Structures are given as structure tokens and as C-alpha cells.
Amino acid sequence: MTEPFQFKDSDVKIEKRETVFQGFFRMDKLWLTHRRFDGREMPTFTRELFIRGDSTCVLPYDSDRDEVVLLEQFRLGALGRDQSPWLLELVAGMDEDGESPEEVAQREGQEEAGLTFKPLDKICDYLASPGGSTELIHLYCGRISTEAAGGLYGVEHENEDIRAHVFSADEAIAMVNDGRINNAAAIIALQWLQLNRPRLREGWS
């Protein structure tokens, strides 16, 4: 049986690339070809690629109270669906040049929820939508105290309007199971928490 991951970057040939849109984000159009599994080469085809930097997301978790903090804010991509476009999400932000994911996590924790994480547990890195976007998500769980958590946050000049909510871990996980939470980072992090709660409650307390 053939093993996976037999191809590399060098098996892709970019024949032409041009930027077709530059705004808050960037869109490039590529003409490319690559090797096929049967040994032939794909004919030249075109794809549009959403150029977006990497991001960092954090699930704030109080292991003593077994509670999480989730942020409610408007998301344009959820508009026009059979749901509210205000989603419950993790603390999150785009990585700036020269910043480590851990530094982004702490910056965004303060800006979006007034939280500092000690410690940060790495969950995973994952590609958000690799069929058409370059974005890689760095995903963490961060220890916090929910004693004074909650309230209104956000950076006004970035048009952020955020309400931080405190939920029991059980309630947050239930919202994943019934579909009220339907964004990938929050789903992955809360399912990870469901698996790792005993270890965190013993090791963080």
C-alpha cells in the first residue's frame, strides 16, 4: 500500500501569480500545475487564494471552578444563515510580524477579555480552510480565574464590540453538541477540553 505524503512543494509548479484584490485582506490568482498520483502531470489550472496571516486562538479555562470564558461578537461570514451572526468564540487575533503565538495570546486576552493566561497549554496547529486560504491557526487552552471575568471589551478603532461570557465547561460542551457553537476553533478546543479536563483539573489546581 502506498504511503501518504509522497509529494512536496517541489512537486508543484506556479506558472504565474498576480494579486487581484488588495484591501483589509489580499486575494491572489495562480496558474499552476502539479504531479498526479498516477504519475502524470495536471494540466495548467487556475485558483484564487485568500492571503491571510496566521492567527492564534485561546480557550480560557478556570480549572478550579470548571468554567470557560467565551466571547460573543458579530461575524460577517455568518450573516444570511439560519442563525444569529453573533457567535460564541475563543479569544483570538491575527499574528503580527515578530510576535510569537504566545505573545499574541496574551495581547488578545487583555484586549478582548481582560485576561492573562498562566499557563498556556498547546492544543494544536491547523489549517483553517486550505482549499483556498493560507491561514494557519495556533490553538491553545489558557488557565485563568473566572472570579471577575465577563463584561464588555474590544478595541474601538478596530471596530470590535465584544461581550465576554462565563459558562460552565459542561454548558459550553453542550452548546457544541447541539450546534449553538459552530465555529471550528471553539469546537476543537472544547472537544479537547472534554478529553483533557481531568488532567488540567489535577495539574493546574
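Summed over region 88-107, residues that are open to solvent by 10 Å² or more (accessible area, probe 1.4 Å) and under 16 Å from Gly151 (Cα atoms) total 2. If only residues of region 29-47 that are out of contact with any Asp or Glu (no Cβ under 7 Å at 6 or more places or on another chain) and part of a strand (DSSP E or B) are counted, the one that is surrounded by the most Cβ atoms within 10 Å (Cβ to Cβ) is Leu30. Just one of the listed residues (Gly132, Gly179, Gly142, Gly150) is open to solvent by less than 80 Å² (accessible area, probe 1.4 Å), touching a helix residue (DSSP H, G or I) at 6+ places or on another chain (Cβ under 9 Å) and closer than 24 Å to Pro85 by Cα, namely Gly150. Is it the case, given these coordinates, that Glu72 is within 30 Å of Gly203 (Cα to Cα), part of a strand (DSSP E or B) and in contact with a strand residue (DSSP E or B) (Cβ under 9 Å, 6 or more places away or on another chain)? Yes. Being more than 22 Å from Tyr140 (Cα to Cα) and open to solvent by 60 Å² or more (accessible area, probe 1.4 Å): is that true of Arg81 here? Spelling it out, Arg81 is indeed more than 22 Å from Tyr140 (Cα to Cα) and open to solvent by 60 Å² or more (accessible area, probe 1.4 Å).
Of the strands (runs of 3 or more DSSP E) that lie entirely inside region 79-144, those containing 1 or more residues that are touching a Pro at 6+ places or on another chain (Cβ under 7 Å) span 91-94, 136-143.
The values are calculated or read from the model by the stated rules, or taken from the named source; none is laboratory data. All of these numbers come straight from a predicted model, not from anything done at the bench. Using ideal geometry, Cβ is built from the backbone for each residue, glycine included, and neighbour counts are taken over all protein chains shown. Side chains included, ligands, DNA and RNA excluded: accessible areas come from the protein's heavy atoms. Shrake-Rupley method; radii C 1.70, N 1.55, O 1.52, S 1.80 Å.
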